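The values are calculated or read from the model by the stated rules, or taken from the named source; none is laboratory data. Values in this document were obtained by computation on a predicted structure and should not be read as measured data. Don't worry about glycine lacking a Cβ; one is built from the backbone with ideal geometry, like all the others, and counts go over all protein chains shown.
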Amino acid sequence: MRQLTSERTTHPVLIFWIIVGWAGFLLLPWYGIEDFFTFEWLIDGYPFDEDYAPAGFLIAQGEKLWLAPLIIPLVLSLFALGKPKTHPAFSRFLILAGALGFGWLIIQGFAIGIRGFNADWLRALFGDLDDRQFGMGYGALICAASFLFLFTQGIAARGAINGDVFVVSSIGGIVVIVTAFVFFPIAKMLTAAFITEDGGYSAEVFASKFFDDRLWGLGCLSGARCGVAWNSLFLAVLVGLITTVLGLIFALVVTRSGFRHKRALRALTVLPIITPPFVIGLALILLFGLSGSVTVFFADVIGIQPTRWLYGLPGVLIAQTLAFTPIAFLVLIGVVEGVSPSMEEAAQTLRASKWQVFKTISLPLMRPGLANAFLLGFIESMADFGNPLVLGGNFDVLSTEIFFAIVGAQYDQGKAAVLAMVLLCFTLGAFYAQRFWLGKKSYTTVSGKGDSGVHPQMPRALSIPVLALAMLWAVFTMVVYAMIFYGSVVELWGVNNTLTFKHYVTAFSFRIEEAGIRWSGAAWDSFWTTLKIAATAAPLTAIVGLITAYLLTRQTFAGKNAFEFGTMLSFAIPGTVIGVSYILAFNVPPIEITGTGIILVVSFIFRNMPVGVRAGIASMSQLDKSLDESSLTLGANSWQTFRRIILPLLRPAILAALVYSFVRAMTAISAVIFLVSAEYDMATSYIIGRVENNDYGLAIAYSTTLIFVMLAAVGAMQLIVGRTEIGRRMSQSRTNV
Amino acid sequence: MKINSKAAPVSFRNVTKVYGKDVVAVDDINLEIEAGKLVTLLGPSGCGKTTTLRMIAGLEMATKGAIFIGDRDVTLLPATDRDVSMVFQSYALFPHMSVMENVSYGLGFSGFDKSETRDRARQGLELVGLKGYGGRLPSELSGGQQQRVAVARALVLEPQVLLFDEPLSNLDAKLRRQVREDIREIQQNLGLTVVYVTHDQEEALAVSDEIVVMRNAGIAQIGSPRDLYDAPADRFVADFIGEANIIPCEITSVDGDKATIDIAGFHHSLPARGLPVGAAQLAVRPTRLVLGATEGLPMEVKKATYVGSRMEYTLTAPFATLFAVSEDVDTPLDVGATVTVGLARIGPVLLAAG
Ligand SMILES: Nc1ncnc2c1ncn2[C@@H]1O[C@H](COP(=O)(O)OP(=O)(O)OP(=O)(O)O)[C@@H](O)[C@H]1O
Ligand SMILES: [Mg+2]
């Protein structure tokens, strides 16, 4: 007889969260300590020192008395123990405890800051408070989590989503973190759009900035320059289309052609992803710039006058295509592989020729992948600011405008906010267009029946141009990378071409001394920081992304559309905006993390999560729902089903999410440049600093090193995650990223 | 150790299921399924069979009404908490797990220790005749074998109720017959409560203790195969279960529970089934038409088909076109000949005119 969860009176999950809540309150330092990951506080005055004391000790010493009401919900939660889930008091106590505790945490957090009460009316009401508080620390965070999950367990016991604790808690958790780290900072940022110079609010200010001719001008139709909004839109559509087509081409070559060197091709397409964005721009300049190798060569041999054609739309387009095609490839490879061979075989037996099979079956079944790839390319292009910065010339786009609005002499937060809103509208427009195109069709192709069969090869008429294009692109990519490497081992590019390793030595020298290894190179600090932060962010991003994808594809709940919108939102916001809004939102309590490593980790998680979500959704919508259902009827709960059925079948998506978020964390620049601090300098911002000092050699040498490190990391990750054997027949190509 | 049954009855009380706002998939049905019985849900496509089954499993929640398994009200329990296993039409074998792992999957959640799980899983495989296949992946099995793995995976949990949603529709005719007999045999040996969805009436007649005929989200008739076949409640059921010739007739007199009818001048008496004097319909199975009877309706042979074990005839007359079969394959009737068609003593039933 199956154990019925609804009748048990001991609930391990509940007990766990109650203990966590009490521990957060009584044992851990309530407020943030300078460095989240150090444990000095354990020997430095804990538990009585005001900075390191847990809430319980603070209250006992008569300090921070506004924390005392939290004891009520903590005690309330105890009353739920020993009752079955169906008992009405069970859910009532939990909901009450969770709501009270979480609510009070937020209220006191926003009401009381580093200068006592935050609002004048509070001061008027209660008089001055002679105390103050800092940002939340271990204790406060853990308490908040405990209250949240007590609340969700209460809701689940009420029967929400069939009483499924895992699903309700996941929804609750993701809603809270997305609210805190996406909506809250963006809201803070956007209110800046209405703030006048003297600190008041005005819609006029907003309107004047919004209808600026620099933004919407149509001058390019008559020979002059167009507004930045049109530039961005035009560029993004082009990049989205080209990267999708190229990504599809590579995916087809790898899965459906007799091409021999698939692995090499695969590795090659991944290269641009592991390259810091501006490096491709630099390499293009080295090749095609006014004094670039190719330009000079053509000038000498054929006598073509060197021009500045690269600077502007062509250069940015090439650089972004190079940079974002691999993303499209990663999305499409999963989808192209996922198309069930039996469908294609079925079509073949229905007298469709290879070409007809491809056109009527394979391609339509890849639609979700194609749409996702386009969307990603479009948004990436909109948000990219490294390449337009290096190659843009007079071709201004929204992201660079935002950057200069904030960094430049203007320092106009309002303008940046308005530009960000325009950008957001474009990306959200693309998002809805995609959903409209996909409609409600079902693209499920991995059914629960053990699927055997082999992907047919591409029709000949298709495979020749596809292979040719792939080759051409591959050669181009190789040349670009050869240039990058070459640039790192010459004295001074274009001036003194003697070979040397001195840039590497400056950056990465170390000495072995008695006390151990001494990392004497200039780059080590930022290097270790970057590794640490990327390695922390990647698994967190993958987890959050895949759970979100699971909720979106497999569960129905009220407000699902809003939920999806919220989780995809951060992707549509360029890094610059994220950076600025994070600084605005998180340098004051209750969440005070500016200048720490956490803010970097958090920004990476929410910048890159949508990729995990998209990859997860694309693969999950190809898993037949009867697999989950049969697991449920066999007695697994939704968490066990998620872990034992869905996750193993999703390994390609997990790998994509892990690789992507790790690599993005190492190569990202746009948000990072606002968030780094002296203590937490990242590799990319260090390199940009070198570039600004005209120290190209060191910059390129460092970038090259990063590329190799990431290659190694990607390889290692692939080994760890492995490949799920679902038993297609032998001749299926082995297709690892 | 042996796989036992914890068979329990299932009861639907005024259950309604509405998808979205206005798609009524199941409309206010009442249903009692006895413990240890194999009950089929039979009906045309879209009539709500799968929905009914999924409500027993807990994969869909009833919009209104209550569902009981044993004496427990499970209306609000999710699938995980119900002691019910289901075999899916697509089998839903986990492609990344071996056959053994598939069969052991549910046992792991039922509190069995490792060695017991293994023993039970092995026994389950043996029961369905797949001993020694444990190490294979589902993709390395034939369709019929995959189907039996799915059955074993559900069986080993000793569920209170075992559900099948068109389990045989992916199999060829011969295998279908064999697997359905296997399922029936296992069900009877273990005394399982099984609810079985099909739209193949022959399959339903062959395996069921009881058949629930559904129509338009409701129940048309419940009864044993013989009840349904010999005494269909209405034209829909008569038509759906087996083939039936429907002949319009006139009830000329009713005497107690005997009625006398008139079809184009031919008189016959049979049970009245509560019908009054007036227009009615007569339902006759093809086998219950007696060709060449001394008394009956003169009809013309329109078509004659030899199908090996018997002859099939299409007969016409101004009042009806009938389909009849005859065991006599050696002296077939000629096309165009006229034959007197009589009614067997038992078999033909009266239905209300409609
Ligand atoms: N998820 C759903 N959303 C909306 N309507 C649905 C859904 N599932 C089923 N329906 C509708 O409910 C009705 C009953 O469907 P159900 O699947 O129970 O039919 P069925 O008897 O199993 O048919 P079949 O023999 O074709 O499998 C149908 O009209 C169907 O269109
Ligand atoms: Mg069905």
> Which of the residues belonging to the range B:170-212 are farther than 20 Å from B:Ala57 by Cα and within 16 Å of ligand 2 (Cβ to nearest atom)?
Replying inline: B:Asn170, B:Asp200, B:Gln201, B:Glu203, B:Ala204
> From the list A:Trp41, A:Trp22, which one is at pLDDT 85 or above and more than 14 Å from chain B (Cβ to nearest Cβ)?
Replying inline: A:Trp22
>> I'm checking my understanding of the structure. Among residues of the range B:85-101 that are small (Gly, Ala, Ser) and at the interface with chain A (Cβ under 7 Å from one of its Cβ atoms), which one is farthest from ligand 2 (Cβ to nearest atom)?
In response: B:Ser85
> If you go through the range B:169-182 one residue at a time, how many are in contact with a helix residue (DSSP H, G or I) (Cβ under 7 Å, 6 or more places away or on another chain) and either more than 14 Å from every other protein chain (Cβ to nearest Cβ) or in a helix (DSSP H, G or I) (or both)?
Replying inline: 3
> Hey, does the range B:112-120 have a residue that's in the same structural domain as B:Gly20 (by TED's automatic domain parsing) and within 16 Å of ligand 1 (Cβ to nearest atom)?
Replying inline: no
> closer than 28 Å to B:Pro78 by Cβ and in the same structural domain as A:Ser91 (by TED's automatic domain parsing): does that describe A:Ala111?
Replying inline: no
>> Residues that are aliphatic (A, V, I, L, M): list the strands (runs of 3 or more DSSP E) wholly contained in the range B:215-320 that include at least 2 such residues.
In response: B:218-223, B:245-255, B:258-263, B:278-284, B:289-291, B:297-306, B:311-317
> Quick one: which helices (runs of 4 or more DSSP H) sit completely within the range A:222-319 and have at least 3 residues that are under 23 Å from the mean Cα position of the chain (by Cα)?
Replying inline: A:228-256, A:262-270, A:277-288
>> Every residue in the range A:178-202 that is of a type in the set (A, V, I, L, M, F, W, C), buried (at least 17 other Cβ atoms within 10 Å of the Cβ) and modelled with pLDDT of 80 or more, please.
In response: A:Val178, A:Ala180, A:Phe181, A:Val182, A:Ile186
>> Checking the conditions here, which among A:Pro652, A:Pro648 is within 14 Å of another protein chain (Cβ to nearest Cβ) and at pLDDT below 80?
In response: A:Pro652
> Could you count how many residues in the range B:20-39 are within 16 Å of ligand 2 (Cβ to nearest atom) and free of Cβ contacts under 8 Å to residues at least 24 places away in the same chain?
Replying inline: 1
> Has the range B:71-90 got any residue that is surrounded by 18 or more Cβ atoms within 10 Å (Cβ to Cβ), under 22 Å from B:Val179 (Cβ atoms), within 16 Å of ligand 1 (Cβ to nearest atom) and aromatic (Phe, Trp, Tyr)?
Replying inline: yes
>> Given the criterion farther than 29 Å from A:Tyr680 by Cβ and not hydrophobic (A, V, I, L, M, F, W, C), identify the matching residue among A:Tyr550, A:Tyr504.
In response: A:Tyr550
> Looking at the range B:22-38, is at least one residue within 14 Å of chain A (Cβ to nearest Cβ) and within 16 Å of ligand 1 (Cβ to nearest atom)?
Replying inline: no
> So is B:Asn216 surrounded by fewer than 18 Cβ atoms within 10 Å (Cβ to Cβ), within 14 Å of another protein chain (Cβ to nearest Cβ) and either among the hydroxyl-bearing types (Ser, Thr, Tyr) or within 16 Å of ligand 2 (Cβ to nearest atom) (or both) or not?
Replying inline: no
>> Pull out all pairs, ordered by first then second residue, where Cβ-Cβ is under 6 Å, the residues are six or more apart or on different chains, the first lies in the range B:227-242 and is buried (at least 23 other Cβ atoms within 10 Å of the Cβ), and the second is part of a helix (DSSP H, G or I).
In response: B:Pro232/B:Ala238; B:Ile241/B:Gln201; B:Ile241/B:Leu228; B:Ile241/B:Tyr229
> Among the residues of the range B:211-264, which ones are of a type in the set (D, E, K, R) and within 16 Å of ligand 1 (Cβ to nearest atom)?
Replying inline: B:Arg215
>> Could you tell me how many of the residues in the range B:161-186 are at pLDDT 90 or above, more than 16 Å from ligand 1 (Cβ to nearest atom) and not charged (D, E, K, R)?
In response: 2
> Which of the residues spanning the range A:135-156 are modelled with pLDDT under 85 and under 18 Å from A:Leu100 (Cβ atoms)?
Replying inline: A:Met136
>> Would you confirm, using the coordinates I've provided, whether B:Thr50 is modelled with pLDDT of 90 or more and within 16 Å of ligand 2 (Cβ to nearest atom)?
In response: yes
>> Report every pair of residues separated by at least 6 positions or lying on different chains whose Cβ atoms are under 9 Å apart, first residue within the range A:98-125 and under 17 Å from A:Gly139 (Cα atoms), second modelled with pLDDT under 85 and assigned to a strand (DSSP E or B).
In response: A:Leu105/A:Met136; A:Gly109/A:Met136
> Of the conditions (1) more than 30 Å from B:Asn189 (Cβ to Cβ); (2) within 8 Å of ligand 1 (Cβ to nearest atom); (3) within 14 Å of chain A (Cβ to nearest Cβ), B:Ala62 fails just one. Which one is it?
Replying inline: (2)
